[in-house]
Amino acid sequence: MESLSVDNLIGIKNLNINDIKLIFKTADNFKEIINRPIKKVPSLRDITIANLFFENSTRTKLSFELAEKRLSADVLNFSASQSSLKKGESLIDTINNILSMKVDMIVIRHPNAGVPEYISAKVDATIINAGDGAHEHPTQALLDSYSIRESLGEIKNKNILIVGDIIHSRVALSNIFALKMQGANVKLCGPNSLMPKYIDKLGVEIINNLDDALQWCDVVNMLRIQNERMNKSFFPSLREYVKLYGLNYERLSKLNRDIIIMHPGPINRGVELTSELADSKNSIILDQVENGVAIRMAVIYLLAKQKFNR
Amino acid sequence: MGQHILFNHSQVNICLERLAYQLLENHDDFSETVLIGLQPRGRFLSENMVNILKNKYDLRELDYGYLDITFFRDDFRTKSDILIPNESNFKLNVNNKKVVFIDDVLYTGRTIRAALTAIESFGRPKSIELLILINRRYSRELPIQADYKGFNVDVYEDQKVYVNWSEKNNYVYLENIK
């Protein structure tokens, strides 16, 4: 019997390669469904999912909400800024109160790493991590791999470059786990001040020169500079960062071949990459967004089934 | 667990010819018709129908696809196995078309119920008919009957009827599941 090896999606680190294959196979079907005239299936009728966002989000929150609605689940939305957390309620009290409303599944984003795992140990509901601090963002990594697979046919032995703010990035960490598991070669590029210590222990190489790194890669994933997480200065000036690590047409044209450009969003246009490239034929940024819905439908569908089999 | 053959290759092929002919009687040139094989097993029967109609009756333009109904099933909460879908290749608009669902065995009727819901995602057909190779009588859980039937088969609940599809040897067999 095919099923996932986990009951909650906390991180890519907890998954195995068969889990990823099963999620992709299921997402293929959902991708076909979300391109039908009527895009909804009744699978999760009467299942209630709470989206608890303790941190701002546009894309991920909308994508999860759409995925849940396409599966016919009932959806509760919570954002920390409008909640009783402001009145001093503890996290676990907030969650237990929401669960008393008979919620089956929780999608959670939190600024602190480890919160989804902590909650999964305390409550019976299925937990999906929608990003926790600088730890993991598993559905983003899954949709990134899925989008690469869609463009290149397969991931194994492909050269994937992740550029930019690695130290603050949960997307980078989840992507490294997912890509390595699928047999890709991964390199990181950016200033040393934005590289976490010991990241090379994960089997990735660091290149500081972007032009050299671009020569090597098939796919480049440009990460956002996370100003909101920077409590000190990590590079001398934004202008200098753009000059050294910004992707532009001039840099790309030196390659004499096509590479795929990705970005998890939101893009700082003119910083990580120019507008011209963000909207070019090499960019699969909007495919990533479309695939995000299919991937999240697959994850929710498979985990919901897992819950009823428990 | 032995296999007991109910209908052999030549019996199945005669039956397939008859079913194709019956379709032809009711659907003229098939210009308003869409044939839909229900995944996974109905796909083979629908391919056989399409082959006969194209090769023997020279129908070049046939609207045909196969549809997976996994996400429309009613046993998501009760079935212990994860329901893993099959591929759908269905891109046709069925608005105002005469749709024919094709499946190999009609048993409880629940697959057809799911297909009736699934097809709504592609428009509002003018009519929907059902073509099956094996009609397992006395086992329906829903008020669903086929318009085109191959063989009627009466077996016990703990027996399963399968169709083996291959170019050189199509046959129908019975297997005890206990």
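Values in this text are rule-based calculations from the coordinates and carry no lab data. Predicted, not measured: the structure shown is a model, and the values here were computed from it. Cβ coordinates were reconstructed from backbone atoms using ideal geometry, including for glycine residues, and neighbour counts include every protein chain displayed.
Largest mean-square fluctuation among B:Asp158, B:Asp103, B:Asp147, in a Gaussian network model of chain B whose springs join Cα atoms under 10 Å apart, belongs to B:Asp158.
Inter-chain Cβ neighbour count for A:27-34, averaged per residue, equals 3 (cutoff 10 Å, partner chain atoms only).
Kindly state, as a whole number, the per residue volume in cubic angstrom of the convex hull around the alpha carbon atoms of the range A:89-139.
Numbers: hull volume 3.4 nm³, N = 51.
Residue-normalised Cα hull volume stands at 67 Å³.
Provide a whole-number value for the mean count of partner chain Cβ atoms within 10 Å of the Cβ atoms in peptide A:218-224.
Numbers: counts 0, 0, 0, 0, 0, 0, 0.
Mean partner shielding for this stretch: 0.
What is the gain in length, in nm to one decimal, between A:Asn97 and A:Asn112 on full extension, counting 0.36 nm per residue of separation less the C-alpha to C-alpha distance? Mind dumping the intermediate values first?
On the way: separation 15, 0.36 × 15 = 5.40 nm, distance 2.06 nm.
So the chain would gain 3.3 nm between A:Asn97 and A:Asn112.
Calculated FRET efficiency, A:Asn35 and A:Asp7, Cβ-Cβ r, R0 30 Å, to nearest 0.05?
Details: r = 30 Å, r/R0 = 1.01.
The computed FRET efficiency comes out at 0.50.
For the range A:213-298, the normalised intensity computed at q = 0.15, 0.19, 0.21, 0.25 Å⁻¹ comes to -0.62, -0.91, -1.05, -1.28 (log10 of I(q)/I(0), Debye sum over alpha carbons, equal scatterers, no solvent).
For the range A:1-81, what is the convex hull (Cα atoms) projected area averaged across all directions, in square nanometres? Before the final figure, lay out each step's value.
Numbers: hull surface 26.4 nm².
Convex hull of Cα atoms, orientation-averaged projection: 6.6 nm².
For the peptide A:40-46, the mean number of other protein chain Cβ atoms found within 10 angstrom of a residue's Cβ is 5. Taking chain A as a Gaussian network of alpha-carbon nodes connected by springs under 10 Å, the highest mean-square fluctuation of the residues A:Ile261, A:Ile98, A:Ile284 belongs to A:Ile98.
Roughly what % of Cα-Cα distances in the range A:138-284 sit above 21 Å, to the whole percent?
Numbers: 3992 of 10731 pairs.
Here the tail beyond 21 Å accounts for 37 percent of pairs.
Shape analysis of the range A:44-108 based on the Cα gyration tensor places the equivalent ellipsoid semi-axes at 21, 15, 7 Å, largest first. Where is the GNM fluctuation largest for chain B (alpha-carbon springs, 10 angstrom cutoff): B:Ser166, B:Ser139, B:Ser31? Maximum fluctuation in the GNM of chain B, among the listed residues, is at B:Ser166.
Computed from label points 7 Å out along Cα-Cβ, the spacing between A:Ser253 and B:Arg140 is 7.1 nm. Computed over the protein assembly as shown, the Cα gyration tensor eigenvalues convert (square root of 5λ each) into semi-axes of 49, 27, 19 Å, ordered from largest to smallest.
Could you tell me what a quarter of the Cα convex hull surface of the range A:40-152 works out to, in nm² with one decimal place?
Working: hull surface 31.2 nm².
So the Cα hull casts an average projection of 7.8 nm².
If you filter the range B:1-91 for GluC sites (Glu not before Pro), then keep DSSP loop positions with at most 12 other Cβ within 10 Å, what is left?
Details: sites: B:Glu17, B:Glu25, B:Glu32, B:Glu47, B:Glu61, B:Glu87; in loops: B:Glu32, B:Glu61, B:Glu87.
Answer in residue order: B:Glu61.
Take chain A and mark each of the GluC sites (Glu not before Pro) that is in a DSSP loop with at most 16 other Cβ atoms within 10 Å; the longest unmarked stretch, sites excluded, is A:155-310.
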